[in-house]
Amino acid sequence: MQIIETTAALAEACETLVRSEYLTIDTEFLRETTFWPELCLIQLAGPEIEVIVDPLAKDLDLAPFFALMANPAVLKVFHAARQDIEIIVNRGDLIPHPIFDTQVAAMVCGFGDSVSYDQLVQKIKGVHIDKSSRFTDWSRRPLTEKQLEYALADVTHLRDVYLALKEKLEAAGRSLWLTEEMAVLESRETYDLHPDDAWRRLKMRVKKPIELAVLQKVAAWREREARGRNVPRSRILKDDTIYEIAQQQPADAEALARLRTIPKGWERSQSGAALLEAINEALAIPKTDLPRLPRQAHVPEGAAAASEMLKVLLKIVAEKEGVAAKIIANSDDLEKIAVEGETAGVAALSGWRRELFGETALNLIDGKVALRFVDKKIEAVAL
């Protein structure tokens, strides 16, 4: 087992990996007390090499690793890639390309919704992975042999999982389906949410434009504070506090202190003053310029029943085609199709999803397809 702790050793390993057609990658990190993930370990494997990189080693420069991630000639294979890529974006200011996410590929190949790595290894290789080291403190040194073995297994088995899924995708003619999904993971917008859009993460518990304006300003302030101080959002303000502020709209320290979710004395702190500034910025917006509340779509009579029928159809199609239902459409997509039909701007009505499910879904709500129960199963039939 090779543990890399010097820039020279990392550069040498990357020179070997860059000659490979693909490499597998995983990271171990901590995030309980920070906004940005604290990178603690990088695991890399190619067809003939596997290494563990210690990013906490003194004077280790990760530049060779980031150059490898940016090299378009090498496919980077992840499992559940989003958090790993977020780390690379944050530390290296780049998005790996091209990539292959085995969790998404497994959904396309019918292994179920969001299948875990150990489940996938079990199903494809028949190997049980000991996950007891998963939630250990990866920042402590030295790491135990058990931790290192667990970490390395996350990329060594991933090679075989990747090759098996690649073969299945090619045999089923579904490689292009995965390419479309990877485009989302390779988009910078996936990882770089602008603070002014932070309110979109919150549930819409507001009923008036002024409440939405306060919610937006306070959420943006919290996002900037959390990023700047590198602490979790909840350490700045909890979501429930933002909802209460949006509804009560305290304009001064005295009013802020009366809120039940504000700790005693916090209103007089520097953060309290900055928060009040954000609130008053929202309160100063002219009534004509206040943000509009997101429109609640009118649900026509019968739409709920149509949505339930679409759920049944989705399950039929997913089982028949060997694809996870989640990757075809979600509940919101089905509701939109039930209400808006052809004009519903959802992924299920374009590309391979339309061919697989969307066209039949539209025909179902248009009365051109029916569902029937025969031989102890439900099937869709054209009328």
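Considering the stretch 186-221 alone, what residues qualify as being surrounded by 19 or more Cβ atoms within 10 Å (Cβ to Cβ), touching a helix residue (DSSP H, G or I) at 6+ places or on another chain (Cβ under 7 Å) and in a helix (DSSP H, G or I)? Walk me through how you get there before you give the answer.
As a first pass, look at the stretch 186-221 and keep what is surrounded by 19 or more Cβ atoms within 10 Å (Cβ to Cβ): 198-199, 206, 211-221.
Of the ones still in play, those that are also touching a helix residue (DSSP H, G or I) at 6+ places or on another chain (Cβ under 7 Å) are 198-199, 206, 211, 213-221.
Passing the criteria: A198, W199, E211, A213, V214, L215, Q216, K217, V218, A219, A220, W221.
Can you name the residue in the stretch 274-284 that is out of contact with any Pro (no Cβ under 7 Å at 6 or more places or on another chain) and of a type in the set (A, V, I, L, M) and, of all such residues, is surrounded by the fewest Cβ atoms within 10 Å (Cβ to Cβ)?
First pass over the stretch 274-284, keeping only residues out of contact with any Pro (no Cβ under 7 Å at 6 or more places or on another chain): 274-278, 280-284.
Still in the running and of a type in the set (A, V, I, L, M): 274-276, 278, 282-284.
On the way: A274: 13, L275: 27, L276: 18, A278: 20, A282: 23, L283: 14, A284: 8.
Looking at residues that are out of contact with any Pro (no Cβ under 7 Å at 6 or more places or on another chain) and of a type in the set (A, V, I, L, M), I get A284.
Kindly indicate the residue of the stretch 82-105 that is among the β-branched types (V, I, T) and within 16 Å of Y162 (Cα to Cα) and also surrounded by the fewest Cβ atoms within 10 Å (Cβ to Cβ) among those meeting that condition. I'd like the intermediate steps shown before the answer.
In the first step, residues of the stretch 82-105 are kept if they are among the β-branched types (V, I, T); the result is 85, 87-89, 95, 99, 102, 104.
With the extra rule that they be within 16 Å of Y162 (Cα to Cα), the set shrinks to 99, 102, 104.
Values: I99: 21, T102: 27, V104: 24.
Step by step, filter the stretch 82-105, then rank; the result is I99.
Being within 19 Å of the chain's Cα centre (by Cα) and modelled with pLDDT of 95 or more: is that true of D113 here? Break it down into steps so the answer makes sense when it comes.
Values: within 19 Å of the chain's Cα centre (by Cα): yes; modelled with pLDDT of 95 or more: no.
Considered against the rule, which asks whether it is within 19 Å of the chain's Cα centre (by Cα) and modelled with pLDDT of 95 or more, D113 comes out as no.
Which one of these does T360 not meet: (1) under 27 Å from the mean Cα position of the chain (by Cα); (2) surrounded by 13 or more Cβ atoms within 10 Å (Cβ to Cβ)?
If we test T360 against (1) under 27 Å from the mean Cα position of the chain (by Cα); (2) surrounded by 13 or more Cβ atoms within 10 Å (Cβ to Cβ), just (1) comes out false.
Which residue pairs have Cβ atoms under 7 Å apart, sit 6 or more places apart or on different chains, and have a first residue in the stretch 87-104 that is in contact (Cβ under 8 Å) with a residue 40 or more places away in the chain and a second that is crowded, with 19+ Cβ neighbours inside 10 Å and polar (S, T, N, Q)?
I87/T27
Does L314 count as surrounded by 15 or more Cβ atoms within 10 Å (Cβ to Cβ), outside the structural domain of L362 (by TED's automatic domain parsing) and either assigned to a loop (DSSP other than H, G, I, E, B) or not acidic (D, E) (or both)? So that I can check it myself, show each step before the final result.
Numbers: surrounded by 15 or more Cβ atoms within 10 Å (Cβ to Cβ): yes; outside the structural domain of L362 (by TED's automatic domain parsing): no; either assigned to a loop (DSSP other than H, G, I, E, B) or not acidic (D, E) (or both): yes.
For L314, the condition - surrounded by 15 or more Cβ atoms within 10 Å (Cβ to Cβ), outside the structural domain of L362 (by TED's automatic domain parsing) and either assigned to a loop (DSSP other than H, G, I, E, B) or not acidic (D, E) (or both) - is not met.
Given (1) modelled with pLDDT of 95 or more; (2) within 23 Å of the chain's Cα centre (by Cα); (3) in a helix (DSSP H, G or I), identify the lone condition not met by W138.
(3)
Which is surrounded by 18 or more Cβ atoms within 10 Å (Cβ to Cβ) and among the aliphatic types (A, V, I, L, M), of A382, A348? Give the steps one after another, and end with the answer.
On the way: A382 fails: surrounded by 18 or more Cβ atoms within 10 Å (Cβ to Cβ).
The match here is A348.
If we keep just the residues of the stretch 222-273 that are hydrophobic (A, V, I, L, M, F, W, C) and under 25 Å from H194 (Cβ atoms), which is surrounded by the fewest Cβ atoms within 10 Å (Cβ to Cβ)? Please lay out each step first, then the result.
Within the stretch 222-273, the first condition is being hydrophobic (A, V, I, L, M, F, W, C), and the residues that meet it are 226, 231, 236-237, 242, 245-246, 251, 253, 255-257, 259, 262, 266, 273.
Narrowing further to those that are under 25 Å from H194 (Cβ atoms): 226, 231, 236-237, 242, 245-246, 273.
Numbers: A226: 21, V231: 15, I236: 21, L237: 22, I242: 24, I245: 27, A246: 26, A273: 12.
By that ranking, first place goes to A273.
Within the stretch 271-278, does at least one residue satisfy the condition of being under 30 Å from L215 (Cα atoms) and in contact with a Lys or Arg (Cβ under 6 Å, 6 or more places away or on another chain)? Break it down into steps so the answer makes sense when it comes.
Of the stretch 271-278, the ones under 30 Å from L215 (Cα atoms) are 271-278.
Applying the additional criterion that residues be in contact with a Lys or Arg (Cβ under 6 Å, 6 or more places away or on another chain) yields 278.
Scanning the stretch 271-278 turns up at least one residue that is under 30 Å from L215 (Cα atoms) and in contact with a Lys or Arg (Cβ under 6 Å, 6 or more places away or on another chain).
The values are calculated or read from the model by the stated rules, or taken from the named source; none is laboratory data. Worth saying up front: this structure is predicted, and the values here are computed from it rather than measured. No Cβ is skipped: glycine too gets one built from the backbone with ideal geometry, and neighbour counts run over all protein chains shown.
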